[in-house]
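Reviewing the structure listed below.
The values are calculated or read from the model by the stated rules, or taken from the named source; none is laboratory data. The structure presented is a predicted model; accordingly, all values stated were derived computationally and were not measured. All Cβ positions, glycine included, derive from the backbone under ideal geometry; neighbour counts span all protein chains shown.
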Amino acid sequence: MSEKIVVPGDYVGPGEVFEEGPATHLVENDVYASAVGEADESSGTFKTPTKRPELSKGDIVYGTVLMVMESLAIITIFPEQGERESPFAPTEGKVFIREMAEGYVKSARDAILVGDIVRAKVKGVEGDKAELTLAGSELGVIKAYCSICREPLEKTDKGLVCSNGHREPREIANDYRQYGKINL
């Protein structure tokens with residue numbers, strides 16, 4: 001199968017196969033994802049979902065950390081593919097510090113940072129925002145970049161480390177950088 005799930009920042013393929021578009025960007029002659037999507041190497045296409053999420057309590061969602069304050073973070077939720085569509089569905093979620101990990105977290109910035117890709121569970125929908133939790137071994141950061149040099153952080157026995165040797169804390173999912181199935 002030549003289809004693969006990619007998240008923002010992932011390598012999609014060479015510029016000879018994939019074209020730059022609204023959900024991708026070109027770096028030298030390589031195409032990288034700017035949104036979550038599915039790359040099909042055999043046809044040279046990159047598909048992204050277009051529907052807004054219709055969320056319910058217990059749903060698993062993926063998103064990008066948009067803003068982090070001392071005790072709260074705002075997540076932009078990736079839309080999912082499907083027949084359900086609601087113009088009133090939230091596209092953002094909020095995570096309170098008490099929901100960022102199973103244990104104690106001193107500051108939200110110790111758990112997640114702006115730009116991190118996360119897997120979260122919907123605790124409820126309130127107005128135009130979903131309340132999310134990252135507490136759980138399968139939940140948390142699934143991809144992160146170094147806050148100093150913006151290189152991808154790799155999971156090592158010493159925590160998350162970039163190729164330049166910077167170490168950073170995050171509350172990561174048990175399958176960090178393996179993603180599992182992203183429901184697009």
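Going residue by residue through the stretch 108-128, is there one that turns out to be surrounded by fewer than 17 Cβ atoms within 10 Å (Cβ to Cβ), β-branched (Val, Ile, Thr) and at pLDDT 85 or above? Yes, that holds for at least one residue. The numbered conditions (1) within 16 Å of the chain's Cα centre (by Cα); (2) at pLDDT 90 or above; (3) crowded, with 16+ Cβ neighbours inside 10 Å are all true for Leu160 except (1). The set of residues from the stretch 97-107 being farther than 19 Å from Gly58 by Cα, surrounded by fewer than 16 Cβ atoms within 10 Å (Cβ to Cβ) and of a type outside the set (S, T, N, Q) comprises Gly103, Tyr104, Lys106.
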